[in-house]
1. Which shape class applies to region 245-351: rounded if a/c is under 1.5, otherwise prolate when a/b exceeds b/c and oblate if not, where a ≥ b ≥ c are the square roots of the Cα gyration tensor eigenvalues?
2. At 7 Å along Cα-to-Cβ for each site, give me the label-to-label distance between Glu318 and Lys123 in nm.
3. What ranking of Phe175, Phe300 emerges when the number of other C-beta atoms within 10 Å of each C-beta is taken as an exposure proxy, fewest first?
4. Listed here are the pairs Lys94/Lys256; Lys72/Lys218; Lys94/Lys179; which of them are more than 27 Å apart at the Cα?
5. Could you give the length gained by full extension between Thr189 and Lys326, i.e. 0.36 nm per residue of separation minus their alpha carbon distance, to one decimal place?
6. Can you grab the distance from the C-alpha centre of region 86-127 to the C-alpha centre of region 129-170, Å, no decimals?
7. Under a plain spin-label model, where a point goes 7 Å from the Cα along Cα-to-Cβ, how far apart in nm are Asp134 and Lys94?
8. Taking the Cα centre of each part, how many Å lie between region 225-254 and region 287-354?
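Values quoted throughout were computed directly from the atomic coordinates according to the rules given, and no laboratory measurement underlies them. Computed from a predicted model, the values in this text were never measured in an experiment. Cβ coordinates were reconstructed from backbone atoms using ideal geometry, including for glycine residues, and neighbour counts include every protein chain displayed.
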Amino acid sequence: MKKKISVSKTKPKKKEKEGVKLLPTGRSLTPSTLSISAAKEDDFKIRKIKVKIVGIGGGGASVVSEVFSLLKTYSFVACDTDIRTAKKIKKGVKFFQLGQTVLNGMGTGMNTDLAFRIALDEKEKIEQIFAGQDICVLVGCLGGGVASGAGPIFAAAAKNQKCFSIGIFTLPFLFEGEKKMKVARKAITELKEHLSGIIVVSNEKIFQLTDKKISLKKALSFLNQFFALWLAELLDVVFKPSLVNIDFADLKVILKDRGHTLFFSQAQASGANRVDDIIKNIFQNNLLSEPPKNVKRVLFNISGGRDLKLKEVELISEEIARINPKAKIIFGISQVNQQKEKIKVVLLAVCEEDKKTKILEEKQETVLEKNVKRIITKNKENKKSKKENIIEKKLPATIEKTRRTGIEAQKATDEAEKIEWLTETDWDVPAFMRNKK
């Protein structure tokens, strides 16, 4: 018998017209439809967050230069009036010179008013540094001329460009004198008005963290490495994918206001008691003066290996939340295979100033300013230039003939010192700019 051969009849494929694709349903997909779908795909692409780290003044430029060698992922700029700074910074760090026509490449001689005026005249150029940036970090060593005088202008420029700004600034060593410290304190107040948050570190902390025999250069380098670590840890938390992500939108929520003090810490531990060790150290930072107070918002990330347990995450999170149950808390969880038997927590807290203390300080400053203005007016009327005469005129009015307590006597002495400092004008003027007869 002959086998029957069955032939399946298949419909001939429809020819695709030029520029038109046929879908399985027989519907056509035209080039216009394709362009729409392509546009939608582009909408889902994540925009790269732009970060710039700016060093202000000679000290700030040194910090930025060293941080750059440890953290090359982002943009770096060093700003100073002194042209010699350009020769000190590393390749890859851009140099922005201030006041070239006024100072001819020289420093400000600790004259904060001069640095302020120069920066104000070049405000439009400064704003271009921050144009198109999402996050900017300002770094400087306060107490000198450029960082203390021009710093607030840089902070205001970043604010005008609507980028979130974090300031990391150092206070002078005690051996540098009380006047430099007062300059630094005043600059902090002005910087806070424009920055999203500020971290202030005292140079004195170096003595607690390093050997007494270490050289000054190595000690400052040690401090710079801490700054690099802080920035690397914080930015990694924001930009690296995790089990529970923290992204740029979360950082925007944390830094939405201006004028707050920031507290940053990082704790890691391993072993059977690793959770207890984390809880003990998470609110400690050897470079900061004290644990966070009046915490308003907290962002933290817990990372560990495959052995990270849910109960461990719960215990650490509960302890962090206890600092202020009413605070807004954003957290993330990361699994890092390299962290075998180790847990690491990175925390950023936004602290609010104590309102009562702030009001009291403002009242004291207002009274002091009135006293200083009155003294200066009397000095002009009498045409007396010596500051000793100014202080002698003020002291009889503040020191009562009756017996006073030790606290009252100390207040009178402090006020006299403040008046002397505020009325001095020659100590911070560079020699080459003083009037020569």
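1. Prolate, since a/c reaches 1.5 and a/b exceeds b/c.
2. Going from the Glu318 label point to the Lys123 one covers 5.3 nm.
3. Details: Phe175 8, Phe300 21.
Neighbour counts put them in this order, fewest first: Phe175, Phe300.
4. Working: Lys94/Lys256 29 Å; Lys72/Lys218 21 Å; Lys94/Lys179 32 Å.
In this structure, Lys94/Lys256; Lys94/Lys179 lie more than 27 Å apart at Cα.
5. On the way: separation 137, 0.36 × 137 = 49.32 nm, distance 2.68 nm.
Residue separation times 0.36 nm, minus the Cα-Cα distance, leaves 46.6 nm.
6. Comparing the Cα centres of region 86-127 and region 129-170, I get a distance of 13 Å.
7. Taking the two extended label points, one gets 1.9 nm.
8. Using only Cα atoms to place each centre, the spacing works out to 12 Å.
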